[in-house]
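Worksheet: the structure to be examined is printed underneath.
The values are calculated or read from the model by the stated rules, or taken from the named source; none is laboratory data. Not measured: the values here are computed from a predicted model. Counting neighbours? That spans all protein chains shown, and the Cβs are built from the backbone with ideal geometry, glycine included. All accessible areas refer to the heavy atoms of the entire protein, side chains included, with ligands and DNA or RNA removed. Shrake-Rupley method; radii C 1.70, N 1.55, O 1.52, S 1.80 Å.
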Amino acid sequence: KANEVYTFGYGGNGRLGREYAVDNQSTPLPVHLPSASQTVEFIACGAEHTLLSTQQSAVYSFGCGDGGRLGLGDVKDRLAPCEISTLSGSNILSLSAGTWHSACVVHVAPLQEEFGWLYTWGTGFVGQLGLGRMCQTRTPIIVQDFIDKGLSIKQIYCGSHHNAAIANDGNLYTWGSNQYAALGRQSIDARFTPHPGIVAEF
């Protein structure tokens, strides 16, 4: 069916959203949301967890809950999709998942329609949350650095331990782990940074 999500593969920790434990699933099967009338708009697959957002302004997560990456306020695994109450009613513009963290862009009036504020959650011991000294949060928290700079975000992309975002000034910003120079910022020679900065070449 259109706008329905199917999952398949290894199902450890509930990452397939099956409502029951499954190891290997070779056949794509639909993920059932609490409300059958909901239309899925975005899907993001992390290493061991999955995120979904719907046109009905709801965000769901399932899979491994270690480090708070599901955004549900605890570290428990979820076999079936559970709504992230902190984001209930939000207009999601972009959704992404890393290994230990997750992120989304939420439109907030009076920002332009395609831009919003960035929220992150989970564990970020190499700065991937972009929350300064805060290294872990079990619920979504706004990334204040962008707001302080008068910036809003169009797209967010989570790598395993770092992120890239496109802002309303047209620039690409990165932060998190700089292993193998992953951030693309020549001014950064540190192992990681929790503060978004411009990739000058773009």
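Which translational diffusion coefficient, to the nearest whole µm²/s, is obtained for segment 105-151 from the Stokes-Einstein equation, given a Kirkwood hydrodynamic radius over C-alpha pairs, 20 °C and 1.002 mPa s? Walk me through the intermediate numbers first.
On the way: Rh = 11.3 Å.
Here the translational diffusion coefficient equals 190 µm²/s.
Just going by the charge dipole of segment 107-202, with Lys and Arg at +1 and Asp and Glu at -1 on Cβ, which of Ile142, Gln179, Pro110 is farthest out on the positive end?
The Cα lying farthest towards the positive end belongs to Gln179.
Under 8 Å for C-alpha pairs, at least 6 residues apart: give me the relative contact order for segment 35-123, rounded to a whole percent.
Once normalised by length, the contact order is 25 percent.
May I ask you to list the trypsin sites (Lys or Arg not before Pro) in segment 102-202 that are in a DSSP loop and have at most 13 other Cβ atoms within 10 Å of their Cβ?
Answer by residue number: Arg133, Lys149, Arg191.
Bins of 10 Å, beginning at zero and ending with the bin holding the largest distance: percent of Cα pairs per bin for segment 62-202, please.
P(r) over segment 62-202, rounded to whole percents: 13, 44, 33, 9, 0.
In terms of the Cα gyration tensor, with a ≥ b ≥ c the square roots of its eigenvalues, is segment 1-111 rounded because a/c is under 1.5, prolate because a/b exceeds b/c, or oblate?
oblate
What percent does the relative contact order of the chain come to when contacts are Cα pairs within less than 8 Å and at least six residues apart?
On the way: 568 pairs, mean separation 29.1, N = 202.
Result for the chain is 14 percent.
Which percent of the accessible heavy-atom area of the chain goes to carbon and sulfur, probe 1.4 angstrom?
Values: 4960 of 9650 Å².
So the carbon and sulfur contribution to the accessible surface is 51 percent.
Let's see if you can work this out: charge +1 on each Lys and Arg Cβ, -1 on each Asp and Glu Cβ, no other charges. What is the dipole magnitude of segment 1-121 about its Cα centre, in debye to the nearest 20?
120 debye
Which order do the peptides 169-179, 93-103 come out in when sorted by mean C-beta neighbours inside 10 angstrom, highest first?
93-103, 169-179
Once you charge only the Cβ atoms, +1 for Lys and Arg and -1 for Asp and Glu, what is the size of the charge dipole of segment 141-202 about its Cα centre, to the nearest 20 debye?
100 debye
Can you give the helix-only mean residue ellipticity at 222 nm for the chain, where every DSSP H stretch with n ≥ 4 adds -39500 (n - 2.57) and the sum goes over all residues, rounded to the nearest 500 deg cm²/dmol?
Value at 222 nm, helices only, nearest 500: -500 deg cm²/dmol.
Collect residues whose amide H, placed 1.01 Å from N in the peptide plane, falls under 5 Å from the amide H of Ala47; neighbours closer than 5 in sequence don't count.
Answer set, sorted by chain and number: Thr99.
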